[in-house]
1. So, residue 33, is that one assigned by TED's automatic domain parsing to the domain that holds residue 315, under 22 Å from the mean Cα position of the chain (by Cα), modelled with pLDDT of 70 or more and of a type in the set (Asp, Glu) or not?
2. Being in a loop (DSSP other than H, G, I, E, B), of a type outside the set (Val, Ile, Thr) and touching a residue at least 12 places away in the same chain (Cβ under 8 Å) is the filter; apply it to the range 217-247 and report the residue that is surrounded by the fewest Cβ atoms within 10 Å (Cβ to Cβ).
3. For the range 172-198, enumerate the residues that are touching a strand residue (DSSP E or B) at 6+ places or on another chain (Cβ under 6 Å) and either part of a strand (DSSP E or B) or basic (Lys, Arg) (or both).
4. Filter the range 53-106 down to the residues that are β-branched (Val, Ile, Thr) and either touching a Phe, Trp or Tyr at 6+ places or on another chain (Cβ under 7 Å) or under 18 Å from residue 123 (Cα atoms) (or both) and list them by number.
5. What are the residues in the range 47-84 that are of a type outside the set (Ser, Thr, Tyr), farther than 24 Å from residue 109 by Cα and either assigned to a loop (DSSP other than H, G, I, E, B) or at pLDDT 85 or above (or both), if any?
6. Residues to consider are 114, 121, 143; find the one that is among the hydrophobic types (A, V, I, L, M, F, W, C), assigned by TED's automatic domain parsing to the domain that holds residue 172 and either in contact with a Cys (Cβ under 8 Å, 6 or more places away or on another chain) or surrounded by fewer than 23 Cβ atoms within 10 Å (Cβ to Cβ) (or both).
7. Filter the range 20-38 down to the residues that are more than 11 Å from residue 56 (Cα to Cα), assigned to a loop (DSSP other than H, G, I, E, B) and in contact (Cβ under 8 Å) with a residue 24 or more places away in the chain and list them by number.
8. Please go through (1) outside any helix (DSSP H, G or I); (2) modelled with pLDDT of 95 or more; (3) buried (at least 19 other Cβ atoms within 10 Å of the Cβ) for residue 102 and return the number of the only condition it doesn't satisfy.
Amino acid sequence: MAFLFPQEVLNFRRSFGGTIARSNLEQAVTFYEDLHSVNGGTELKRMENYTSMVNTYYDLATAFYEYGWGQSFHMSTRVYNESFKESIKRHEHYLALRLGLKPGMKVLDVGCGIGGPLREIAAFSGATVIGINNNQHQINRGIALNKQYGMSDRCQFIKGDFMKIPVPDNSFDAAYNIEACCHAPDLVALYKEIYRVLKPGQCVAGYDWCMTNEYDRNNEYHNKVKEEIELGNGLPTVRTTTEYIDALKAAGFRVLMEEDVAVRPNLQCPWYDSVKPKVLSLEGFRRTSLGRFIGRQMLKVLEFSGIAPKGSQEVYNVLERSGDGLYEGGRLGIFTPMLFYIAEKPHHEDI
């Protein structure tokens with residue numbers, strides 16, 4: 001945790017583990033790791049335990065994400081002369097523009113994290129954005145950040161499972177997800193639920209995590225990379241691009257656009273440069289190889305001294321493995337975190 005200032009140490013200590021009691025943190029880490037293939041777990045077990053798995057993951061990982069990445073937990077490519085933070089904002093603005101968000105609209109953020117994109121999209125578009133999240137720790141943090149940035153009037157949260165969204169039919173003027181549907185145990189069921197809460201004629205857009213057509217199920221190394229991504233990101237599995245589009249159609253949506261925006265031409269930096277282990281960057285020092293090394297050493301000291309709870313190092317190790325898996329997936333072209341799509345719920349008369 002390179003350049004960790006005293007206030008950051010205090011914030012990390014308060015935040016790490018979320019709603020998990022400090023005495024149960026090591027047990028929670030073991031539960032999470034044992035669900036994954038690299039530790040002998042199975043996809044079926046992850047599907048059966050997806051609510052507990054995802055909640056445990058974000059209780060354990062959120063403090064690290066916010067520390068190293070910021071408030072928006074997603075990837076982005078970078079264009080010429082663009083900073084990392086600017087690229088994150090552009091990624092969110094592009095989605096808002098393609099959805100046509102504007103003042104007066106009521107928009108659903110599916111799997112909203114601590115609300116970084118939610119606040120940015122609300123500020124950019126003027127719409128009211130409501131995020132659904134099943135993790136109380138992240139909601140608490142998001143509410144505090146909404147107040148801090150003066151966004152509580154147009155940014156709200158619903159505590160709930162996005163597989164059973166607790167709102168009436170036809171409630172929203174638009175919906176989106178940013179790298180969240182990958183946590184769902186059943187894509188068709190999830191998209192049917194989003195379909196239900198959207199008004200007729202309105203659209204959902206998203207960026208999703210997928211294995212590309214370059215992925216070979218019979219390639220042992222490809223499968224190892226896929227398993228590392230699943231372990232490090234709380235995923236039951238990583239589906240293919242085709243599975244996402246087929247699921248949208250099966251749920252009743254009309255797919256208007258699909259594109260892997262990770263492979264657009266004229267990009268200065270691919271998305272996976274942000275997790276590249278051997279890179280020198282002052283702006284993103286905490287994500288560099290040297291920054292990660294210093295972070296590991298400091299975390300050892302904090303855990304040994306009792307400032308950081310036991311289990312902190314192991315979570316950090318899991319997230320490092322995740323970064324390495326993501327980098328390899330991007331470098332090989334077998335994985336993308338940004339299959340972008342727009343899909344419309346048809347008007348009643350068109351059904």
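1. yes
2. Only one residue fits best here, namely 239.
3. 172, 173, 174, 175, 176, 177, 178, 198
4. 56, 77, 88
5. If the condition is that a residue be of a type outside the set (Ser, Thr, Tyr), farther than 24 Å from residue 109 by Cα and either assigned to a loop (DSSP other than H, G, I, E, B) or at pLDDT 85 or above (or both), then 79, 81, 82 are the ones that fit.
6. After ruling out the rest, the residue left standing is 143.
7. 36
8. It is condition (3) that residue 102 fails.
The values are calculated or read from the model by the stated rules, or taken from the named source; none is laboratory data. Since this is a predicted model, take the numbers as computed values, not measurements. A quick note on method: Cβ atoms are made from the backbone with ideal geometry, for glycine too, and the neighbour counts reach across all protein chains shown.
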